[in-house]
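Written below as structure tokens is the structure these notes are about.
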Amino acid sequence: MTLLLVAVGAAVGAPLRYLTDRAIQARHDSVFPWGTLIVNMISSLLVGLLAGLPADPAVTALLNTGFCGALSTYSTFSYETLRLMQAGARFYALVNIAASVVAGVGAAACGLMLAHSLTVR
């Protein structure tokens with residue numbers, strides 16, 4: 001059952017990632033991968049929020065592992081960073097690395113703080 005929940009979450013998260021990434025990137029005339037950065041920040045925020053809320057293991061499998069796991073994309077981040085380096089845009093590559101790590105961890109921390117503020121009684 002858990003595998004099915006992960007698959008269902010991923011089946012929603014992956015297409016949403018692709019569509020969101022393309023919509024964001026289409027609005028920016030830049031080599032910088034804004035779409036991937038923003039999608040990964042949103043996913044990190046959701047992971048932090050969900051991790052801080054009381055949840056059944058089935059909900060965790062569906063939302064954290066399945067949905068957020070497919071919504072975020074480390075492989076695309078890696079590919080786009082390498083592509084920037086190969087194109088000679090080393091500054092953008094370094095900014096992408098720094099922004100992805102700092103913003104991702106920061107977004108997860110914000111999500112966790114939000115969850116704690118929602119559950120404090």
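Does I38 qualify as being in contact with a Gly (Cβ under 8 Å, 6 or more places away or on another chain), of a type outside the set (G, A, S) and without any contact (Cβ under 8 Å) to a residue 60 or more places away in the chain? Here the answer is no, as I38 does not meet what is asked.
One residue is enough: does segment 94-103 have a residue meeting the conditions surrounded by 20 or more Cβ atoms within 10 Å (Cβ to Cβ), more than 30 Å from M1 (Cβ to Cβ) and not basic (K, R)?
Yes, there is a match, as at least one residue in segment 94-103 is surrounded by 20 or more Cβ atoms within 10 Å (Cβ to Cβ), more than 30 Å from M1 (Cβ to Cβ) and not basic (K, R).
Quick check: anything in segment 3-21 of a type in the set (A, V, I, L, M), crowded, with 18+ Cβ neighbours inside 10 Å and under 30 Å from V120 (Cα atoms)? Looking through segment 3-21, at least one residue is of a type in the set (A, V, I, L, M), crowded, with 18+ Cβ neighbours inside 10 Å and under 30 Å from V120 (Cα atoms). Within segment 12-29, being touching a residue at least 12 places away in the same chain (Cβ under 8 Å) and either within 17 Å of A70 (Cα to Cα) or among the aromatic types (F, W, Y) (or both) holds for V12, G13, A14, L16, R17, T20, D21, R22.
Taking (1) without any contact (Cβ under 8 Å) to a residue 40 or more places away in the chain; (2) under 10 Å from the mean Cα position of the chain (by Cα) in turn, S100 satisfies each apart from (1).
Once segment 26-57 is narrowed to residues that are in a helix (DSSP H, G or I) and over 15 Å from the mean Cα position of the chain (by Cα), the residue that is surrounded by the most Cβ atoms within 10 Å (Cβ to Cβ) is G52.
Read-outs throughout are calculated quantities, based only on the coordinates presented, and are distinct from any laboratory measurement. This structure is a prediction, so every number in the text was calculated from the model and none was measured. Cβ sites come from the backbone with ideal geometry, for glycine too, and all protein chains shown count toward neighbours.
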